[in-house]
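Here is the structure we will look at, set down as structure tokens.
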Amino acid sequence: MPEKIPKRIGLVPNPGKPRALELIPDVINSLERLGIDHVTDQQVQKKIRDLKTTFLPRAQIADIVDLIIVFGGDGTYLNTARSVAGKGIPILGVNLGRLGFLTEIEIHELNWALEQLSLGNYDIAERIMVQAEILRQGKRVHSAIGLNDVIITNTGLARMVELETYINEEFINSYPADGLIVATPTGSTAYSLSAGGPIVNPFSKSLIITPICPHTLYSRSIVISEDEVVRVSLRSDHQNCFLTVDGQQGWRLEESDEILIRKAKEVVKSVRMPGHTFYKILRDRMSGDRI
């Protein structure tokens, strides 16, 4: 499929991982051999000397490339996904982390993957994102999107919170718990999984509501459709709650705040390599020597 052959690829290594920085010169040489132009995240400009490439801020890379390769773990992938959200640029993740559920390939597959990209031999699949809005006295004070999850937790000393939860304005439960997670299918293998939530195919369309350490035997995860809206209300006596998105953005909540959580308009396009199904990646990453 010649129309899928990228003419220019953006390179986004995790600047805090030496192995990621070591890979970039070889990747650039391979791309030049394959006739593919390249742009590199300027965060690493001072860390890799004499690199013959164009440097740009991460958020601008998506404006001029056909595809982005991320070198790192899930955190690097999440950050990049939010930076380019809505621009329709597919992302390929190279795993340099421990588990790396979001990344598609391992380091030893990198040269093979570059060859496949140069031939247009790959697919693109969409991952939904989640949007959170904080309402304070009826007015929106914060809004953010994430690829993994929205988490409401208590920052006080070992105190539970009670979170009144509604779906499409219908009361569902008042969770006495350490917090609440609303995850995308992509985020189902992150904190939601640790809290007892189900593993969901990341390319499906749903949201997963999971309480964190609920103080009841009857609070279980709920999987809802992508079009449903979750509203969470804080009781007036909870003053130490915090909301985080993808574990990388966060805001302190005030008493009586309400949080609206829904599927975002933006999606993330993920590169899928031949033979790399979600279930193969799940099997490989969940093996005993990786966890």
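The values are calculated or read from the model by the stated rules, or taken from the named source; none is laboratory data. Predicted model only: the values in this text are computed from it and were never measured. Cβ: placed from backbone, ideal geometry, glycine included. Neighbour counts: every protein chain shown.
Looking for something closer than 18 Å to Arg235 by Cβ, touching a residue at least 60 places away in the same chain (Cβ under 8 Å) and surrounded by 15 or more Cβ atoms within 10 Å (Cβ to Cβ) - is there at least one such residue anywhere in segment 166-177?
Yes, because at least one residue in segment 166-177 is closer than 18 Å to Arg235 by Cβ, touching a residue at least 60 places away in the same chain (Cβ under 8 Å) and surrounded by 15 or more Cβ atoms within 10 Å (Cβ to Cβ).
Does Val65 satisfy the criteria of being over 11 Å from the mean Cα position of the chain (by Cα), assigned to a strand (DSSP E or B), aliphatic (A, V, I, L, M) and at pLDDT 95 or above?
So Val65 fails the test.
Have a look at Leu51, Leu23, Leu31 and point out the one that is in contact with a His (Cβ under 7 Å, 6 or more places away or on another chain) and more than 30 Å from Lys265 (Cα to Cα).
Leu31
Name the single residue, out of those in segment 215-232 being of a type in the set (D, E, K, R) and under 25 Å from Ala264 (Cβ atoms), that is nearest to the chain's Cα centre (by Cα).
Glu226
Output the number of residues of segment 19-42 satisfying the condition of being hydrophobic (A, V, I, L, M, F, W, C) and exposed (fewer than 15 other Cβ atoms within 10 Å of the Cβ).
The qualifying residues number 0.
Farther than 19 Å from Asp74 by Cβ, surrounded by 17 or more Cβ atoms within 10 Å (Cβ to Cβ), under 19 Å from the mean Cα position of the chain (by Cα) and not assigned by TED's automatic domain parsing to the domain that holds Val84: does that describe Ser206?
yes
Filtering segment 209-232 down to residues that are assigned to a loop (DSSP other than H, G, I, E, B) and of a type in the set (Val, Ile, Thr), which residue is surrounded by the most Cβ atoms within 10 Å (Cβ to Cβ)?
Val229
Kindly check whether there is at least one residue in segment 152-168 that is farther than 30 Å from Leu102 by Cα, assigned to a strand (DSSP E or B) and either outside the structural domain of Ser204 (by TED's automatic domain parsing) or of a type in the set (Asp, Glu) (or both).
yes
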